[in-house]
Amino acid sequence: MNIIVTVKQVPDTHEVKIDPKTGALIREGVPSIINPEDKNAIEEALRLKKSSDDGEVTVLSMGPLQAESTLREALSMGVDRAILVSDRAFAGADTLATSYTLSMAIKKIERYDLILCGSQTIDGETGQVGPQLAEWLDLPQATHAEEINIQGNLVTVKSNFDSVTRVMEMKTPALITVSNRINKPRYKHMNKVLRAYRDKAVVTWSKEDLKLNPIRIGLNGSPTWVRKTFVHSHSRDGIVVEKPAANCAEDILDFILEKALLKL
Amino acid sequence: MPVIVHEEKCTGCKLCVAACPYTVISMQEEKAVLLPGCTYCGACIDTCEFGAITFEDFQGRLCMDVALFKGTHVFIEHDNQTASKVSLELLGKARGLADEFSRQGKDQLVTAILIGYELGDMADELIAYGADHVIVVNDESFKMYRTDIYTKAIVQIAGVKKPEILLFGATAQGRDLAPRIASRLRTGLTADCTALEICKDEGILLQTKPAFGGNMMVTIACPDNRPQMATVRPGVMKKYPRDPDKIGTKEVMKIDLDENDFIIHIRDIMASTKKHVKLEDAEIIVAGGHGVNNQQGLKILETLSDELGAELGASRAAVDEGWIGQDHQIGQTGKTVQPDLYIACGISGSLQHLAGISQSKYIIAINTDRKAPIVSASDVTFIGDLFQIVPVLKDKIREYKKRTD
C-alpha cells in the first residue's frame, strides 16, 4: 500500500493576535507548524501502512523553501520520503492552482493507492484542495473521514456529514480527507527528529521538474483574487453595570421583559 | 483569446469532447471541431495529450467569455421532503443580489437546482421562498447525495444554463461537492462566505469570508472566470418571506448517466444517536466559558437555560476542557448563531468566539473581568460572579412566570 499525504505549513493561528491600536494582524513571532489535520492524515497513513504488507508513505507539500522544516517534522513521525514542490512561479496560487500543481506532482510520483489530506487548513480554512485534487486526478473521494478500513483494493470510509454518519465504499486509488477525530497523532521523539535530519532527504521539485500547463499555475492560474483583508470589529459600545448580584439579576430580567424576549 | 484546434496534431481521441463542460466540441472526419458557444474555460486544453488545442494569442492569464453567463443558481440541499434552512437562506440572498443587479440595469433570474427523487411539492415551496425558476432532476439514482453523480448533474446543468453565480451551503455536503464542480468547470470558489455583494463598479460578486481562526476577514473576487462560485455559512443570510402567490417556472432535466459514473458507493447512512442541539435556530442562548469552572458550573447555566426555554451553548475553552459536547460549541470552529438574546457567562470573548455570536440581536455578558474582550462586544455587561447572579435570575424568572400565569 503506497500512500501520499499532502501537508501544508501554516502559521499557528491560536498564536495570532490583533494589534489593539492599529487593528492589524500581528504575525511576527508566530510559529509555523504542520497544519493540525494534516498530522492526523500522516498518522492514519502510518497506521494503514503498518497493517499492509509493504509500501511506503510519501508526504508532499507545495510552498516556499522554508516549508522544508515541516517536511522534516513529518519525516520524524516516520514517513518514508518527503517531496517539496517549490518555485516562485507557484506564488499566489489559489485552491484551483494549488490542487492542479499538486496533481501534476502526484502524476510524477506515479505509484500510489491512496491520497490522504487534512480536511482543512487553519489559515485559509477552505477545505477545497482535497476534493479539487481528486477531481484533477479523476479519483473517487470521501471527505471528513473518521474511520478508514482497507481490504484489498476496497476502501471503506466512515464520515460525519452534519447530522448523519455516512459509510462509503470505493476502489483504490482514492482520495480521502480526514477529520481531527480520526486518531491522535503521535508525539515526535527527539532522536527521530535528529535522524530525520541526518538520514533522510527532502526532495525539492521546481517548475521544470513537472509537466505543467503554464496557464494553470501561480497567480495567473488562480481564478480567485483577494481584493481586501480587514479585521472584523465586534464592538457594540454597550454599558457596564456593577451592582450586587440580586440587583444584576433584577436588571437582566427587566431587560428580557422590556425587549419581549420571554416566551410564556 | 479563441481556442483553436491544430488539425495536424489531433488524433481524434475524443478526450476533449468528454472534458468540455459546455459540450461545444464535436468530431468531424475524426478531427475535433469547435462549435459556437465556447466559453474559453480551457478544459479541452488541459485534457489534450497531444498539444493539439491551444489558445490563440494568449495574454498570460486565462479570461473566459464572461458575457455568456447570466443569472444566479442555488443548489438546494434537502431530505427529499423539505429544503434545508441554508438553501432557503441562499434563495433569499440570491433575491437580494438580483435586486442589486436590476438596480445596475441588468435583469437576472434566481434559479433553484433541485436534485433528488420523489420530491413532492418542494419546487413550489422554492418558488414561494424566492426562486423564479426551478430546475428539477427527479431520478432514483439521486435519492441519496453522492459526490460522483451530483457533480456530473450540476456540471451538466451549469454547462447548459451558464449561470453567472452558483451558490451552495457551506455544509458537509456543499463543501464536499462544490470544490469538485469548480475544478471541473475551471472556475473559482470561495469557501464558507459570511457576506456576498455585487461590486458597484464591475458588477462582479464580492465574497467575504473569515480566515486565520476568525482573526481576519478576506474579501475575494473571481473576475475572469464563470460561474462565480461560493459556499455560504448556514445561519448568516436571511430567508425571503414565504409568498405562496409568487409566480415561477419549473423545468425537468434528464442527466445522462452510465455505470462508469458511479465510483462512490453508499453502504449505510446512520442518524446521529446524540440529541440534536439546535443552536442555529435558537431564540435565546445561554452559554458558558472558562469561568464556569467545571461541568457542575454548566449545570447551573442549564437550569437558567431551561427556565428561559433557551439552548445551552459553550465556548471552545469549555468544550476543550471536556465539560460539554462539541455540538454545543459556538464560534469560528463551532457554530455561528443569531439568537435574539445571547447570555455569555464566564466567557472572555476570544475573537474566534465573537465571530460566531456577532449576529445576535442582543448580547448580555456576566463576567468578573471588566477588561475581558466580551465587554465591548456586549450590549450590557454585568460585572459579578455568575454563581451568584445566575441562580437568583433563574428564581426571578420562575416567580415572574408564576405571577403572570
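The values are calculated or read from the model by the stated rules, or taken from the named source; none is laboratory data. Computed from a predicted structure; not experimentally measured. No Cβ is skipped: glycine too gets one built from the backbone with ideal geometry, and neighbour counts run over all protein chains shown. The accessibility values were calculated without ligands, DNA or RNA, using every heavy atom of the protein model including side chains. Shrake-Rupley method; radii C 1.70, N 1.55, O 1.52, S 1.80 Å.
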**OP:** Go through the residues of region A:150-170 one by one and say whether even a single one is touching a residue at least 60 places away in the same chain (Cβ under 8 Å) and in a strand (DSSP E or B).
**Re:** yes
**OP:** Could you please tell me which pairs satisfy a Cβ distance under 9 Å, a separation of 6+ or placement on different chains, a first residue in region B:60-83 that is more than 19 Å from B:Ala170 (Cα to Cα) and free of Cβ contacts under 8 Å to residues at least 24 places away in the same chain, and a second residue that is open to solvent by 10 Å² or more (accessible area, probe 1.4 Å) and of a type in the set (S, T, N, Q)?
**Re:** B:Gly60/A:Asn220
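Tell me which residues, restricted to region A:248-264, are among the small types (Gly, Ala, Ser) and more than 7 Å from every other protein chain (Cβ to nearest Cβ).
A:Ala260
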Subject >> Cβ pairs under 7 Å, 6+ apart, first in region B:1-14 and hydroxyl-bearing (Ser, Thr, Tyr), second in a loop (DSSP other than H, G, I, E, B) >> reply: B:Thr11/B:Phe50
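Here's the yes/no breakdown for (1) surrounded by 23 or more Cβ atoms within 10 Å (Cβ to Cβ); (2) closer than 24 Å to B:Arg242 by Cβ; (3) at pLDDT below 95; (4) within 14 Å of chain A (Cβ to nearest Cβ):
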position: B:His133; (1), (2), (3), (4): no, yes, no, no
position: B:Val155; (1), (2), (3), (4): no, no, no, yes
position: B:Leu167; (1), (2), (3), (4): yes, yes, no, no
position: B:Pro179; (1), (2), (3), (4): yes, no, no, yes
**OP:** Return the residue satisfying two criteria in turn: it lies in region A:115-136 and is open to solvent by 20 Å² or more (accessible area, probe 1.4 Å) and assigned to a helix (DSSP H, G or I), and of such residues it is farthest from the other protein chains (Cβ to nearest Cβ).
**Re:** A:Val129
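Per-residue answers, yes or no, for (1) within 24 Å of B:Arg61 (Cα to Cα); (2) open to solvent by 20 Å² or more (accessible area, probe 1.4 Å); (3) modelled with pLDDT under 95:
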site	(1), (2), (3)
B:Val3	yes, no, yes
B:Thr11	no, yes, no
B:Val17	yes, yes, no
B:Pro21	yes, no, no
B:Val24	yes, no, no
B:Glu29	no, yes, yes
B:Ala32	no, no, no
B:Thr39	yes, no, no
B:Gly42	yes, no, no
**OP:** Kindly provide the set of residues from region B:108-157 that are touching a Pro at 6+ places or on another chain (Cβ under 7 Å) and within 12 Å of B:Ile255 (Cα to Cα), ordered by number.
**Re:** B:Val155
Subject >> Residue in region B:184-191 that is at the interface with chain A (Cβ under 8 Å from one of its Cβ atoms) and in a helix (DSSP H, G or I) present >> reply: yes
**OP:** Need at least 2 residues that are surrounded by 15 or more Cβ atoms within 10 Å (Cβ to Cβ) and touching a residue at least 60 places away in the same chain (Cβ under 8 Å) per element, so show me which strands (runs of 3 or more DSSP E) inside region B:222-278 make the cut, counting only ones lying wholly within it.
**Re:** B:228-232
**OP:** Spot the failing condition for B:Ser102; the list is (1) open to solvent by 10 Å² or more (accessible area, probe 1.4 Å); (2) at pLDDT 95 or above, and only one is missed.
**Re:** (2)
Subject >> Looking only at region B:44-77, and only at residues there that are among the β-branched types (Val, Ile, Thr), open to solvent by 10 Å² or more (accessible area, probe 1.4 Å) and within 34 Å of the chain's Cα centre (by Cα), the one that is nearest to B:Arg180 (Cα to Cα) >> reply: B:Thr47
